[in-house]
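Data first, discussion second: the structure below is written as structure tokens.
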Amino acid sequence: MSLSSGTSRRGLQGLVRRRGLVTAAGALVLLVAVYWLMVRTGTGQRFEDAALRGSQEYTDRRERQAANGRLRAITMGSLGFFCLLVVLIGAVRRRLLLALAALFTLVGGLGVAEVLKRYVVPRPLLYGQTSEVTNSFPSGHTTIAMAGLFALLIVVAPHWRGLVALLGALWAVGIGASTVSAHWHRLSDTVGGGLIALAFAAAALAFLAWLGRVAPLPGGRAGRVPLMRIAALVLGFLTVTGLALGVLFAVLYARDAGRPGLVEDADWEAYLAAQSFASAASAITALVFLALLRGLDFGGAPILALPRTADPVRSR
């Protein structure tokens with residue numbers, strides 16, 4: 001992407017700002033939709049509770065222990081580590097505004113997730129449950145993982161994005177799947193956490209564009225980052241695979257749910273569907289943010305208004 005004038009660069013600022021705002025708004029709309037469909041309907045609750053039973057009864061012990069270990073590693077200390085890391089990177093690059101945008105993504109995303117989970121969104125009893133159910137929507141673990149990935153992608157230099165995207169996205173997608181397999185969260189919790197992280201990260205990019213701190217990568221460098229392409233291909237593969245398996249197991253669950261003698265099979269199928277959808281949702285979220293970053297550099301000097309050229313006729 002090459003731009004030849006300040007006017008076209010200012011047009012780029014507007015485009016990036018609009019894309020960021022639309023993405024943030026879309027993520028929030030999807031957040032409400034996921035909560036309403038999966039938490040506020042009996043059908044959604046039955047599916048997610050079946051997946052919880054399936055994860056508890058059928059998950060391999062070693063797999064569950066590994067998932068528990070990955071999730072226990074995500075603590076408030078992890079959040080502090082991410083915050084310190086983005087500040088250090090911003091200081092080394094002399095782009096502290098990017099560090100502030102990354103901190104907004106991290107701290108703001110987790111703060112909203114915890115407030116929603118603890119004080120705002122309830123989980124009602126909709127289909128005859130006899131015991132009180134603790135709300136777990138949205139997942140703070142998924143929010144930290146996805147927001148940490150997005151914060152690093154915001155603050156690192158463009159030539160490092162491919163490596164961060166490849167390794168960080170695989171880790172974040174793994175965390176999303178682990179929240180289901182470890183019996184810590186429901187599918188909607190994982191999807192909701194990723195959407196909150198995306199909303200804050202996209203809003204941060206829109207703010208940087210509003211300040212005039214967005215520019216195209218020079219010399220077409222956007223097309224010469226092989227690791228970024230590999231990361232996109234890997235995430236695309238995880239998306240397609242996760243959606244295909246999720247649909248397959250969801251259809252099997254719908255067939256077996258409520259049938260005499262097949263309740264345990266339905267729980268297992270619901271668990272496999274939930275884990276597949278969780279992986280796909282995390283991969284899609286990461287792909288959307290990579291698309292927002294493509295071909296762009298952030299945090300440089302703001303674009304100033306061009307001086308008006310004197311009229312050669314009137315200046316005589």
Review point. Which length gain, in nm to one decimal place, applies between Thr41 and Ala91 when the Cα-Cα distance is subtracted from 0.36 nm times their residue separation?
Key: 13.2 nm
**Study point:** Entry for Rg/Rh (Cα atoms, Kirkwood Rh) (calculated from the structure that is shown) out of (i) 0.95; (ii) 1.07; (iii) 1.11
**Key:** (ii)
Practice item. Please find, in a Gaussian network model of the chain (springs between Cα atoms separated by less than 10 Å), the residue of Gln65, Gln45, Gln13 whose mean-square fluctuation is greatest. Key: Gln65
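What FRET efficiency comes out for the pair Leu262/Glu57, r = Cβ-Cβ distance, R0 = 25 Å, nearest 0.05?
Details: r = 14 Å, r/R0 = 0.57.
After rounding to 0.05, the efficiency reads 0.95.
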Point to revise | FRET efficiency for Leu163 and Glu114, using Cβ-Cβ distance with R0 set to 25 Å, rounded to 0.05 | key: 0.25
Review point. Asp49: accessible area at probe 1.4 Å, nearest 10 Å²?
Key: 20
Study note, to complete from the structure: Of the residues Thr105, Gly300, Ile74, the Cα lying farthest along the dipole of the chain towards its positive end, which is defined by charges on the beta carbon of Lys, Arg, Asp and Glu, belongs to Gly300
**Study point:** Most mobile of Gly90, Gly14, Gly176 in a GNM of the chain (Cα contacts under 10 Å)
**Key:** Gly14
Check your understanding: Mean separation of Cα pairs under 8 Å and 6+ residues apart, divided by the residue count of the chain: what relative contact order is that in percent?
Key -> 30
Study note, to complete from the structure: Any helix of the chain counts here only if DSSP assigns it H throughout, its Cα atoms span 18 Å or more along the axis, and its mean Kyte-Doolittle hydropathy is at least -1.0, and such helices are 6-39, 76-93, 140-155, 161-181, 187-210, 226-256, 263-293
Check your understanding: With charges set only on the Cβ (+1 for Lys and Arg, -1 for Asp and Glu), what does the dipole of the chain come to about its Cα centre, in debye to the nearest 20?
Key -> 1780
Study note, to complete from the structure: Given backbone amide H placed at 1.01 Å from N, residues whose amide H is under 5 Å from that of Leu296, ignoring those fewer than 5 places away on the same chain, are Leu217
Check your understanding: What nm value, rounded to one decimal, do you get for the distance between Ala25 and Arg72 when each label is placed 7 Å out toward the C-beta?
Key -> 4.5
Check your understanding: Ranked by accessible surface with a 1.4 Å probe, highest first, in what order do Arg18, Arg70, Arg294 come?
Key -> Arg294, Arg18, Arg70
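Under the classification rounded if a/c is under 1.5, otherwise prolate if a/b is larger than b/c and oblate if not, where does segment 67-125 fall, given a ≥ b ≥ c as square roots of the Cα gyration tensor eigenvalues? Before the final figure, lay out the partial values.
Numbers: a/c = 4.56, a/b = 1.74, b/c = 2.62.
Taking the square roots of the gyration eigenvalues as a ≥ b ≥ c, segment 67-125 is oblate.
Suppose accessible area is computed on protein heavy atoms with a 1.4 Å probe; arrange Thr23, Thr241, Thr105 from highest to lowest. Each step should come with its number before you reach the end.
Working: Thr23 25, Thr241 50, Thr105 0 Å².
Accessible-area ranking of Thr23, Thr241, Thr105, largest first: Thr241, Thr23, Thr105.
The values are calculated or read from the model by the stated rules, or taken from the named source; none is laboratory data. Computed from a predicted structure; not experimentally measured. Every residue, glycine as well, gets a Cβ built from its backbone with ideal geometry; the counts of neighbours run over all protein chains shown. For the accessible areas, the whole protein counts, side chains as well, though only heavy atoms, and no ligand, DNA or RNA atoms are used. Shrake-Rupley method; radii C 1.70, N 1.55, O 1.52, S 1.80 Å.
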